[in-house]
Amino acid sequence: MAGVDYLERIPNNVNLRDDRRLLRALEEWQPRFLDWWKEMGPEGFQANEVYLRTAISVDRDGWAQFGYVKMPDYRWGIFLAEPEADRRIAFGDHLGKPAWPEVPGEYRGVLRRLIVTQGDTEPASVEQQRHLGRTCPSLYDLRNLFQVNVEEGRHLWAMVYLLHAYFGRDGREEADALLQRRSGDHDKPRILGAFNERTPDWLSFFMFCFFTDRDGKYQLASLQESGLDPLSRTCRFMLTEEAHHMFVGEMGVGRIVQKSCELMRQHRSDDVRRHGGIDLPTMQRYINFHYSVSLDLFGSEVSTNAANAFTMGLKGRFEETKKADDHRLADATYPVTCLEGDRIATRDVPALTALNERLRDDYIADCQRGIDRWNRTIKEHRIDVELRLPHRGFHRAIGSFGEARISPDGRVITEAEWDARRREWLPTPEDAQFVATLMRPAVEPGRFAGWIAPPARGINGLPLDHEYVRLTRKEG
Ligand code: BYC
């Protein structure tokens, strides 16, 4: 059990019962969280039993337990990875000093902002996905959606724990505000752009899990390097859950690509839509959209915020400890591609200010690996099409490219060319309408909608026709 107390109202491995004040504060927040879940979590299905994985330990082996749970009864809790003995700060001005068990007073504001920004994305994604249950392509996919949703809820708990435990009254207020903002709301939107976009259909959901959850992986990996030890430990455990969300995204898109290729071969036609599939040009436009809004999540190419967070020892680089340099970056430079006047240029800038771009580079390389795997599927069907990541400047709102129009192949273009061609590059209202026509629920065990191939295997060794969500009870 590695110290997880499941008998408590709030399962945890942080000895919550020994800190009465904190326990009381979190127990007060808990019903507000549940109210939010009921109002803004998955629409319907709250009374149905779902075959979910629950964290029961933070050990590498055996941290998960599978079983039927009604979502509101999911054991949301607080899990920090095991402490590392004598952990030292691995970068910045405090390099080599012992990691902090508490928040250093002078860094309170910056740390709070990072934690709130991270925390805000978690409930946002649940809100974005709340209508999807009704149009699930299979019970297998429905269960995966709900697994992702409850784990995002747990990630919210992770950040709320830090706010309550280390930031006093300000932290409690921020924790409440996390339940008050709403994705896409005009007056009280979520903090970051991508988390105010709609996720109206399952194609968008799989793209979101592939591209946007992958930003989560890179941000959490950077925060895992943090000198603030409780933040590091909580992110380390969150990353184990995040991996499943990216798996859902990559497999989901991969299965749609597979089905489209099968339909193209079977009907000897590119006109997959006529046969109930999603054509590859539409897939490309969805990739262009989700990739570009996710690139924005890394912030500006050149950022003093990022430099400060690094120098202070609060947010490191991806795999900081594996890098062979001085971990201070005082004199280092890094090449950054951005807009210079009316052309795109790459220039060396101080590496400290280029940390957002460097993380974006790591992310882009990771996205490309997924695209390569989808292209392998297309090639196996002997179809001469390649999916591509558009240029990093395409359709950007944040950073230097936010000021210009860039084509997917990386040319600075005029507003007139953008207007004339954006329908080739980004999902059109007609694309969305077409995809919406495919979103009809397939809820008999073992049945899959006609636009997506079944997965290679079921969950936890179970067959594909397992009843992953029990729909026999009436929906709540
Ligand atoms: N939208 O210096 P700049 C996840 C703001 S996803 C709106 O360029 P900085 C998940 C920025 O806040 C991971 N605003 O950037 C995935 C700043 O505003 P203020 C989430 C934006 O600060 C799926 C100003 O622009 N975690 O876990 O170096 C499902 C100038 O900022 C955006 C984190 O983000 C944007 N896209 O870096 C569920 C980690 N981009 O302060 C979950 C924590 C920038 O001047 N956050 N701005 O008012 C951070 O590390 C940083 O806040 C950012 C921005 C990387 C987001």
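The values are calculated or read from the model by the stated rules, or taken from the named source; none is laboratory data. Here the structure is a predicted model, which is why all the values come from computation and not from measurement. FYI the Cβ positions are ideal-geometry reconstructions off the backbone, even for glycines, and counts take in every protein chain you see. Ligands, DNA and RNA are stripped out before the accessible areas are found, and what is left, the full protein with its side chains, is counted by its heavy atoms. Shrake-Rupley method; radii C 1.70, N 1.55, O 1.52, S 1.80 Å.
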Placing +1 on each Lys and Arg Cβ and -1 on each Asp and Glu Cβ in segment 323-463, then taking the dipole about the Cα centre, the residue among I383, W451, A354 whose Cα reaches farthest towards the positive end is W451
Inter-probe distance in nm under a simple model that places probes 7 Å from Cα toward Cβ, at D187 and E415: 3.3
Once the dipole of the chain is set up from charges on Cβ (+1 Lys and Arg, -1 Asp and Glu), the residue from the list G171, F247, A436 lying farthest towards its positive end is A436
Charge context of R447, other residues only, Cβ under 12 angstrom, K/R +1, D/E -1: -3
Farthest towards the positive end of the dipole of segment 264-346, among A324, T304, M283 and with Cβ unit charges of +1 on Lys and Arg and -1 on Asp and Glu, lies the Cα of M283
Modelled label-to-label distance, D61 and V349, 7 Å Cα→beta-carbon offset: nm? 4.7
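Could you work out the local net charge near K379, counting Lys and Arg as +1, Asp and Glu as -1, over the other residues with Cβ closer than 13 Å to its Cβ? Don't skip to the end; give the middle numbers.
Working: positive: R265, R373, R376, R382; negative: D372, E380, D384, E386.
For residues surrounding K379, the net value is 0.
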Anything in the chain that counts as a DSSP H helix reaching 18 Å or more along its axis (C-alpha) with Kyte-Doolittle mean of at least -1.0? List them, would you? 108-128, 139-166, 229-267, 280-296
Would you mind computing, in nm to one decimal, how far apart the modelled labels at R268 and T437 are, each placed 7 Å from Cα along Cα→Cβ? 2.5
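Is there a quick way to get the dipole size of the chain? I mean about its Cα centre, with the Cβ of Lys and Arg at +1 and of Asp and Glu at -1; what is the value in debye to the nearest 20? Could the numbers behind the result be given before it?
Numbers: 67 positive and 74 negative charges, 171 e Å.
Approximately 820 debye in magnitude.
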Please compute the length gained on full extension between D465 and E424, using 0.36 nm multiplied by the number of residues separating them and subtracting their Cα-Cα distance. 10.9 nm
Between D93 and D342, what length in nm is gained on full extension when 0.36 nm per residue of separation is reduced by their alpha carbon distance? 85.9 nm
Residues of segment 1-142: accessible area per residue at 1.4 Å, in Å²? 44
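Grab the DSSP H runs of the chain that are 4 residues or longer, score each as -39,500 (n - 2.57), total them, divide by all residues and round the 222 nm result to the nearest 500 deg cm²/dmol. Write out the running numbers ahead of the final one.
On the way: 12 runs with 210 residues, N = 476.
Per the formula, -15000 deg cm²/dmol.
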